[in-house]
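Engineer: Okay, here's the structure, questions in a sec.
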Amino acid sequence: MTALPNDRPFYLLNEGKIQANLARIQEVKDATGCNVLMALKAFAHYQTFPLLAQTLDGCTASSLHEARLAHEYFPGHHHAYSPAYSPRDFPEWTDYSQTFTANSLQQVAFLQNLPTKHNLEIGLRINPLQREASNPLYDPSSPQSRLGVIAKHLKSQWPKGVTGLHMHNLCENDSHSLERTIESIERDAPFALEACEWINLGGGHMISQHDYDLDHLIQLIDHLQKTYSLRVILEPGAAIVWEAGSLHAHVLDIVAQDEVATALLDISITAHMPDCIEMPYTPQVREGRITNKGCRYRLGGNSCLAGDFVGDYHFEHGLFIGDEVIFLDMAHYTTVKTHFFNGLHHPSVYLQHTDGSYTCLKTFDYTDYQSRL
Ligand SMILES: Cc1ncc(COP(=O)(O)O)c(C=O)c1O
């Protein structure tokens, strides 16, 4: 049986929690018959695809490489969406994905004129101008957004040969955000709903959170299916692996300056938890609390970036060199975004099975760092 390392950092994915998240998706599928795709941008450990494919109908890819990974490891029907497709990626991409969503009318024409033997299914992304994401970094719905065509610019003319409508404006939102978005499309683009065969409601649905109203989502999907005879597709990413991974680091040293004690860890925030700086997002730490009780430590990474740290946490019994520090909810948008800044040792990736055993999915060494330079 594989043992977890105690002298190197690692991500630990939790098979049981992924299954629990998938079970909620299955409930929605059973009640509505909708299709659900895995958004690979959020999580792409292909070793888990056999598990995901028991519930999900395929993947949605944002690039040629994601599309190829889906084709090679995930049985199903694969979608693609890119803000702009590069002619250089074709015809290869058509070997991997069956449905392509365009971001503009020019891109519709590009896809329709591809000299390909395949009969591509084509969709068009619209910008519903319905702002629901609280963080501007994840809000594609501003009037200046580069993502999607503003429906009224289509002047009630849905482009010929485009069978699907795609929208994505949510980010960790509830079903009421989706309801407002559907209402905005019904108000501004009823012609699109009537012209299409399918609608892709994008990602950002927090289906795995215990207080997400699954019945309400089911009602909304039913409404679209019954009113417009649309096939409904969802493409969540984060929800599939929500709270299904942790990052295990170790304290290498503790430095105190100006009343701040920083525990230096054998990971880097910028390299191994990049959203903590990009969003920014402060993760929970097992046994570490962001309160004013206990011993306070700033948790710092081991790169030379001055800002390579997350918030200040309190630990009841203090921290010591060699202690393990466990960051929670480190599966979505984490391992897909890491890098090798400073040549730092990259945490390995393990999967914990429901029987308590572990499989090592990936380890990294010098050759991984060297081969990408
Ligand atoms: C077009 C599109 N679809 C799906 C997703 C997945 O979103 P989430 O991981 O929030 O569910 C994203 C995320 O950015 C996206 O841009």
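The values are calculated or read from the model by the stated rules, or taken from the named source; none is laboratory data. Small disclaimer: the values here were computed from a predicted structure and weren't measured. So basically every Cβ, Gly included, is an ideal-geometry build from the backbone, and we count neighbours across all protein chains shown.
Engineer: Scan the stretch 215-224 for residues that are in contact (Cβ under 8 Å) with a residue 40 or more places away in the chain and out of contact with any strand residue (DSSP E or B) (no Cβ under 6 Å at 6 or more places or on another chain) and jot them down.
Structural biologist: 216, 217, 218, 220, 222, 223
Engineer: Within the set of pairs 6+ apart or on separate chains, which have a first residue in the stretch 315-327 that is closer than 23 Å to residue 281 by Cβ, a second that is in a loop (DSSP other than H, G, I, E, B) and of a type outside the set (D, E, K, R), and C-beta atoms under 9 Å apart?
Structural biologist: 315/294; 324/6; 325/267; 325/319; 327/267; 327/273; 327/283; 327/284
Engineer: For the stretch 27-60, which positions are in contact with an Asp or Glu (Cβ under 8 Å, 6 or more places away or on another chain) and in a loop (DSSP other than H, G, I, E, B)?
Structural biologist: 40, 41, 44
Engineer: I've got another one for you. Within the stretch 204-225, which residues are aliphatic (A, V, I, L, M) and closer than 18 Å to residue 19 by Cα?
Structural biologist: 206, 207, 214
Matching residues to (1) surrounded by fewer than 24 Cβ atoms within 10 Å (Cβ to Cβ); (2) at pLDDT below 95:
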residue	(1), (2)
232	yes, no
250	yes, no
254	yes, no
263	no, no
266	yes, no
278	yes, yes
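Engineer: Out of all the residues in the stretch 85-103, is one or more more than 16 Å from the ligand (Cβ to nearest atom), assigned to a loop (DSSP other than H, G, I, E, B) and surrounded by 19 or more Cβ atoms within 10 Å (Cβ to Cβ)?
Structural biologist: Among the residues of the stretch 85-103, at least one is more than 16 Å from the ligand (Cβ to nearest atom), assigned to a loop (DSSP other than H, G, I, E, B) and surrounded by 19 or more Cβ atoms within 10 Å (Cβ to Cβ), which makes the answer yes.
Engineer: While we're looking at this one, here's another question. Only one of 84, 67, 39 is touching a Gly at 6+ places or on another chain (Cβ under 9 Å) and closer than 26 Å to residue 165 by Cβ. Can you tell me which?
Structural biologist: From the options 84, 67, 39, the qualifying one is 39.
Engineer: Continuing with this model, one more query. Can you name the residue in the stretch 124-183 that is more than 21 Å from residue 231 (Cα to Cα) and touching a Leu at 6+ places or on another chain (Cβ under 6 Å) and, of all such residues, is nearest to the ligand (Cβ to nearest atom)?
Structural biologist: Checking each candidate, the answer is 140.
Engineer: Where residues in the stretch 196-222 are among the polar types (S, T, N, Q) and under 23 Å from the mean Cα position of the chain (by Cα), which of them is nearest to the ligand (Cβ to nearest atom)? Talk me through it step by step, then tell me what you get.
Structural biologist: Step one: list which residues in the stretch 196-222 are among the polar types (S, T, N, Q), which gives 200, 208-209, 219.
Next, from what is left, pick out any that are under 23 Å from the mean Cα position of the chain (by Cα): 200, 208-209.
Details: 200: 8, 208: 10, 209: 12 Å.
Among those that are among the polar types (S, T, N, Q) and under 23 Å from the mean Cα position of the chain (by Cα), it is 200.
Engineer: Answer yes or no: is there a residue in the stretch 7-15 that is at pLDDT below 95 and either buried (at least 17 other Cβ atoms within 10 Å of the Cβ) or not small (Gly, Ala, Ser) (or both).
Structural biologist: yes
Engineer: Here is a further query. Going through the stretch 184-195 one residue at a time, which ones are touching a residue at least 40 places away in the same chain (Cβ under 8 Å) and either in contact with a Phe, Trp or Tyr (Cβ under 8 Å, 6 or more places away or on another chain) or more than 16 Å from the ligand (Cβ to nearest atom) (or both)?
Structural biologist: Residues satisfying the conditions are 184, 188, 189, 192.
Engineer: Can residue 243 be described as among the acidic types (Asp, Glu), surrounded by 14 or more Cβ atoms within 10 Å (Cβ to Cβ) and at positive phi? Lay out the reasoning, then the answer.
Structural biologist: Working: among the acidic types (Asp, Glu): yes; surrounded by 14 or more Cβ atoms within 10 Å (Cβ to Cβ): yes; at positive phi: yes.
Taking the combined requirement at face value, the residue satisfies it.
Engineer: Looking at the stretch 320-369 only, could you name the residues that are assigned to a loop (DSSP other than H, G, I, E, B) and closer than 19 Å to residue 41 by Cα?
Structural biologist: Within the stretch 320-369, 329, 330, 331, 332, 333, 334, 335, 336, 337, 338, 339, 340 qualify.
Engineer: Also: Tell me, which strands (runs of 3 or more DSSP E) lie completely within the stretch 223-319 with 1 or more residues that are within 30 Å of residue 164 (Cα to Cα) and more than 16 Å from the ligand (Cβ to nearest atom)?
Structural biologist: In the stretch 223-319, 231-234 are the strands (runs of 3 or more DSSP E) which contain 1 or more residues that are within 30 Å of residue 164 (Cα to Cα) and more than 16 Å from the ligand (Cβ to nearest atom).
Engineer: Can you tell which of 48, 2 is more than 18 Å from residue 207 (Cα to Cα) and not assigned by TED's automatic domain parsing to the domain that holds residue 175?
Structural biologist: Going through 48, 2 in turn, the sole match is 2.
Engineer: Being outside any loop (DSSP other than H, G, I, E, B) and either touching a residue at least 60 places away in the same chain (Cβ under 8 Å) or not charged (D, E, K, R) (or both) is the filter; apply it to the stretch 142-172 and report the residue that is nearest to residue 186 (Cα to Cα).
Structural biologist: So, considering only residues that are outside any loop (DSSP other than H, G, I, E, B) and either touching a residue at least 60 places away in the same chain (Cβ under 8 Å) or not charged (D, E, K, R) (or both), the one nearest to residue 186 (Cα to Cα) is 151.
Engineer: Kindly indicate whether any position in the stretch 46-54 is at pLDDT 95 or above and within 16 Å of the ligand (Cβ to nearest atom).
Structural biologist: Taking every residue of the stretch 46-54 in turn, at least one turns out to be at pLDDT 95 or above and within 16 Å of the ligand (Cβ to nearest atom).
Engineer: Given the conditions (1) surrounded by 14 or more Cβ atoms within 10 Å (Cβ to Cβ); (2) in a loop (DSSP other than H, G, I, E, B); (3) of a type in the set (Gly, Ala, Ser), which single one is not true for residue 70?
Structural biologist: (2)
Engineer: I'd like to verify a number: residues in the stretch 91-119 that are of a type in the set (A, V, I, L, M, F, W, C) and more than 25 Å from the chain's Cα centre (by Cα), how many? Break it down into steps so the answer makes sense when it comes.
Structural biologist: Looking only at the stretch 91-119, we keep the residues that are of a type in the set (A, V, I, L, M, F, W, C), and these are 93, 100, 102, 105, 108-111, 114.
So of that shortlist, the ones also more than 25 Å from the chain's Cα centre (by Cα) come out as 105, 108-111, 114.
Within the stretch 91-119, residues that are of a type in the set (A, V, I, L, M, F, W, C) and more than 25 Å from the chain's Cα centre (by Cα) number 6.
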